[in-house]
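Visitor: Below you'll find the structure I mean.
The values are calculated or read from the model by the stated rules, or taken from the named source; none is laboratory data. Bear in mind the structure is a predicted one, so any value in this text is a computation, not a measurement. Here the Cβ positions follow ideal geometry from the backbone for every residue, glycine too, while neighbour counts run over all protein chains shown. Remember, those area values only see protein heavy atoms, side chains included, never the ligands or the DNA or RNA. Shrake-Rupley method; radii C 1.70, N 1.55, O 1.52, S 1.80 Å.
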Amino acid sequence: MTIYPALEIPNTLAAGPGPGNTDPRVLERFAQTGVADHMQKDVLRGMIEAKEMLRNVFGTENTYTFGVAGTGFSGLDCIFSPILPGDKVVVFVNGTFSGIDSLTIRMKASSREELAADPINPQPECVTVINVPHGQSVTGDMINTALAEYRPMWAFMAHWETGSGRINDLQGFNDACEKYNVLGICDVVSSLGVDYFRIDDYPAIVAWASCPQKGILCLPLTYAPVSFSDKAINLLARRGCRTYVHNPILEARHWGIIEGRDAAPSYHRTHSCYAVAAFHEALRILLTYTLKQKAADYNYHEKALRHAVTEMGCEVTSNMTSLVVLNLPAELAGLEKELVADCRAEGFCIWPTLSEPVQIRIGILNQLNTESITKIVSLFADAMIDKGAGFNKNEIMYGLKAYYENEWISKGIVD
Ligand SMILES: *Cc1c(COP(=O)(O)O)cnc(C)c1O
């Protein structure tokens, strides 16, 4: 038997699609919290307060708004749990994550025979997958056409597809669901806490899920925010679902949501006092910053990064504001994975795409200041020059400085 030395993990520059850099205040709450069990009064108060703050973050009056312990896919599993075998579903896929969501949905909607035929990647009759090419957005027209043709019970879309960095049409999705009387389900893992939107403005979408580590910025493994409309919960109450742990009605009980109302919490599973305290702090930080200001700041700094990498000869194909997805200039094409590996080895943790085509992804989660963006641009410029790029780094850095100065002048911050 080997007992290994204590695990040391260095601090890196997390400049990928997620996780984002955790605020020291969140880590402090995690570490300063005393041990207390999952029914201790302050732990429960923290969960109730977090639930109420989460309703604000989502922009919703949905009573069934709470956190699912785990990662983004834990929350997604919870919002997909009302899908039962044989339910007709239309799924829009335009990248890695909506592709995995599609897999979860196909597993849940399969009959026993369909699951047995291909257990790891079932292809049930009742699920129609609309594949939109990598680098393109899902448009309202595509959604309308598909829902008109297939008339499903459920439809699913990712709001922001992090695999390709594309924003999909949330309004179009809602409107088509409303028009064809379809229950909409949406993955807002990458957009919640980054973009400004209120889910109550999209009433045909009945279930929503996000994650702890992107816009919420609470990596210390905590909670994936979810929200369900009463329509979804009523359906679930009638039909049930095949999970205890991710059953939305049962999970919600520990957050003090019982029979459709806020009430005293009751045991569902052993929540961690450390996780509750960290999550609570992350929500406080986000709401204090304000969702609107966050969205504006992501927009502003993404433009700076986009501008700089374009000046370096890269082609940006994304339109999300927390992430730039790019092709290297022709003379460096094919070197994407090597370049990313070089950067990662130095603690500058950018990412390639996880599915074809190979592209580079640089993220700015919680890097919303001039110094951080300047550092990211400088490190990326060095990596490209190492690989043989021909641009002048000084010009790029002056260009970035000019971008910020012009913005400051136009915003009246300096004159
Ligand atoms: C990151 C991401 C996920 C998965 O989240 P995990 O926290 O890795 O489980 C799912 N969907 C989208 C759109 C994502 O960006």
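Visitor: Quick check, is Trp408 at pLDDT 95 or above, open to solvent by 70 Å² or more (accessible area, probe 1.4 Å) and of a type in the set (Phe, Trp, Tyr)?
Guide: No, not satisfied.
Visitor: Next question, about the same structure. Does Arg166 qualify as being among the basic types (Lys, Arg), under 29 Å from Gly16 (Cβ atoms) and crowded, with 21+ Cβ neighbours inside 10 Å?
Guide: Judged against the criteria, Arg166 is a match.
Visitor: State whether the residues of segment 161-177 include one that is away from the ligand (no atom under 16 Å from the Cβ), within 21 Å of Arg106 (Cα to Cα), out of contact with any Lys or Arg (no Cβ under 8 Å at 6 or more places or on another chain) and outside any loop (DSSP other than H, G, I, E, B).
Guide: The answer is yes; a qualifying residue exists.
Visitor: How many of the residues in segment 178-192 are within 16 Å of the ligand (Cβ to nearest atom) and either touching a Pro at 6+ places or on another chain (Cβ under 8 Å) or farther than 18 Å from Thr96 by Cα (or both)?
Guide: 3
Visitor: Helices (runs of 4 or more DSSP H) wholly in segment 60-125 with at least 1 residues that are within 11 Å of the ligand (Cβ to nearest atom) and closer than 23 Å to Ala252 by Cβ - which ones?
Guide: Fully inside segment 60-125 and qualifying: 72-80, 96-109.
The rows are residues; the columns are (1) modelled with pLDDT under 95; (2) under 24 Å from Leu221 (Cβ atoms); (3) not small (Gly, Ala, Ser).
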position	(1), (2), (3)
Phe66	no, yes, yes
Gly72	no, yes, no
Gly75	no, yes, no
Ile79	no, yes, yes
Ile83	no, no, yes
Asn94	no, no, yes
Ala116	no, no, no
Glu125	no, no, yes
Gly135	yes, no, no
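Visitor: Turning to a different aspect of this structure: Is it the case that Ile120 is surrounded by fewer than 21 Cβ atoms within 10 Å (Cβ to Cβ), modelled with pLDDT of 95 or more, in contact with a His (Cβ under 8 Å, 6 or more places away or on another chain) and not aromatic (Phe, Trp, Tyr)?
Guide: No: the conditions fail for Ile120.
Visitor: Please name all residue pairs, on different chains or six or more residues apart, with Cβ atoms under 9 Å, provided the first residue is in segment 311-340 and is open to solvent by 40 Å² or more (accessible area, probe 1.4 Å) and the second residue is of a type in the set (Lys, Arg).
Guide: So the pair list comes out as Asn319/Arg166; Leu335/Lys387; Glu338/Lys387.
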